[in-house]
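Contents: one structure, followed by commentary.
The values are calculated or read from the model by the stated rules, or taken from the named source; none is laboratory data. Worth saying up front: this structure is predicted, and the values here are computed from it rather than measured. Heads up, the Cβs are rebuilt from the backbone with ideal geometry, glycines too, and the neighbour counts pull from every protein chain shown. SASA here: full protein model, heavy atoms, side chains in, ligands and nucleic acids out. Shrake-Rupley method; radii C 1.70, N 1.55, O 1.52, S 1.80 Å.
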Amino acid sequence: MTKKQLLSRLGQIILVLLGISFITFALVMLAPGDVVRQMIAGNEDIIVSQAEIDALRAELGLDKPFFFQYLDWLGRALQGNLGFSYMVKKPVVEALMEGLPGTIVLSLASLIMMMVVAIPAGIYSAVKRGSMVDNIVRGFTFMGVSMPGFWVGLMLLCFFGLKLDLLPIVGGEIGIDTLILPSLTLAIAMASKYTRQVRTAVLEELHQDYVVGARARGMSESHILWKEVLPNAMLPLITLLGLSLGNLLGGAAVIEMVFQWPGLGRMAIEAITYRDFQLVQGVVVWIALMYMVINLIVDISYNYLDPRLRKVR
């Protein structure tokens, strides 16, 4: 990727972030309910005077026209200030940094579980196409992509937590015992999709002309598979892996709520519930940034992983 291309991509990231932040800001402001009243009374049935509401609205700048409110937020955001979260009583940036470790741990654990299962299963299924093993793998992957994640999580909690009493059913903190079930829940769905993608990619490469030529030259099947086919088959899968990581770093909201895992997804849902628009805005911008940055890193890595994409200067 040339310097000009890199600058162009960075410019696109900035424009997309501006668009997403504006749309999110508008949707939060258009949501029903009074955010100022929510900030004062919370979810409790407390009578709040209009004078108190008007005073806080003026203090927060919420009495200004919508566009000026957004410009105020954008000006602070460009200085690294995403506002103050009244739900957790701390700056939004600080709240995001507290939720980030849990999301990173859950994301990496899920990805490792997924790759340990999906890559060998996808390769073996492709090599043994049409066999009983292939049919079994395809059957399990079909089940995996068909089952809702929250249902899988609840079933795992019921079996391993209630029936066998092997793992805790209530999370709330980062630990090995509390990590197993949520990461396994995420890994099941991802492994099912990724196994199918690996199988398809390997099958496509096995039918290429260079494989036929390699066999004609007397190369062994193992050499063709590991030295010729897999390097080419894995390249398009890197994009899917990057998108999966971006999705996980954005927070697997439903799974984190099911297991009460302390991550960004759970934080986002709670912020929406309490109409903490500053925190909602910060989480959405973070998710968008992670998607685009990881996608950019994947694109840059292609130039190093595939020599055909390198331009001679």
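Gly242 - would you say it is surrounded by fewer than 16 Cβ atoms within 10 Å (Cβ to Cβ) and modelled with pLDDT under 90?
Details: surrounded by fewer than 16 Cβ atoms within 10 Å (Cβ to Cβ): no; modelled with pLDDT under 90: yes.
No: the conditions fail for Gly242.
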Which one is modelled with the highest pLDDT, of the residues in region 77-98 that are open to solvent by 90 Å² or more (accessible area, probe 1.4 Å) and in a loop (DSSP other than H, G, I, E, B)? Gln79
Looking at (1) more than 20 Å from the chain's Cα centre (by Cα); (2) surrounded by 14 or more Cβ atoms within 10 Å (Cβ to Cβ), which is the one condition that is false for Trp226? (2)
Which number in (1) modelled with pLDDT of 80 or more; (2) of a type in the set (S, T, N, Q); (3) out of contact with any helix residue (DSSP H, G or I) (no Cβ under 9 Å at 6 or more places or on another chain) marks the one condition that Gln208 misses? (3)
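Take region 255-300 and flag every residue that is touching a Pro at 6+ places or on another chain (Cβ under 8 Å) and open to solvent by 30 Å² or more (accessible area, probe 1.4 Å).
Residues of region 255-300 that are touching a Pro at 6+ places or on another chain (Cβ under 8 Å), as a first pass: 255-256, 258-259, 261.
Of everything in region 255-300, just one residue is touching a Pro at 6+ places or on another chain (Cβ under 8 Å) and open to solvent by 30 Å² or more (accessible area, probe 1.4 Å), namely Val258.
Filter region 48-97 down to residues that are without any contact (Cβ under 8 Å) to a residue 40 or more places away in the chain, within 28 Å of Ala252 (Cβ to Cβ) and either in contact with a strand residue (DSSP E or B) (Cβ under 8 Å, 6 or more places away or on another chain) or not acidic (Asp, Glu) (or both), then give me how many there are. Full working, then the answer.
Quick first cut of region 48-97, residues without any contact (Cβ under 8 Å) to a residue 40 or more places away in the chain only: 48-65, 67-68, 71-72, 75-76, 78-81, 89-91, 94, 97.
Applying the additional criterion that residues be within 28 Å of Ala252 (Cβ to Cβ) yields 80-81, 89-91, 94, 97.
Okay, now just the ones that are also either in contact with a strand residue (DSSP E or B) (Cβ under 8 Å, 6 or more places away or on another chain) or not acidic (Asp, Glu) (or both), so 80-81, 89-91, 97.
Residues in region 48-97 being without any contact (Cβ under 8 Å) to a residue 40 or more places away in the chain, within 28 Å of Ala252 (Cβ to Cβ) and either in contact with a strand residue (DSSP E or B) (Cβ under 8 Å, 6 or more places away or on another chain) or not acidic (Asp, Glu) (or both): 6 in total.
Taking region 116-145, which residues are touching a Leu at 6+ places or on another chain (Cβ under 8 Å) and surrounded by 16 or more Cβ atoms within 10 Å (Cβ to Cβ)? Show your work before the answer.
Start the filter on region 116-145 by keeping residues that are touching a Leu at 6+ places or on another chain (Cβ under 8 Å), which leaves 123, 126-127, 129.
Listed by number, the residues that qualify are Ile123, Ala126, Val127.
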Set Ala252, Ala201, Ala214: member being within 16 Å of the chain's Cα centre (by Cα) and open to solvent by less than 50 Å² (accessible area, probe 1.4 Å): Ala252
Within region 156-174, does at least one residue satisfy the condition of being out of contact with any helix residue (DSSP H, G or I) (no Cβ under 8 Å at 6 or more places or on another chain), in a helix (DSSP H, G or I) and surrounded by 12 or more Cβ atoms within 10 Å (Cβ to Cβ)? yes
Checklist (1) of a type outside the set (D, E, K, R); (2) at pLDDT 85 or above; (3) surrounded by fewer than 18 Cβ atoms within 10 Å (Cβ to Cβ); (4) over 17 Å from Val285 (Cβ atoms) applied to Leu18, failing item: (4)
Checking Val105 against (1) farther than 16 Å from Ile255 by Cα; (2) hydrophobic (A, V, I, L, M, F, W, C); (3) within 23 Å of the chain's Cα centre (by Cα), which test does it fail? (1)
Residue ID - modelled with the lowest pLDDT, chosen from residues in region 45-76 that are surrounded by 11 or more Cβ atoms within 10 Å (Cβ to Cβ) and of a type in the set (Gly, Ala, Ser): Gly61
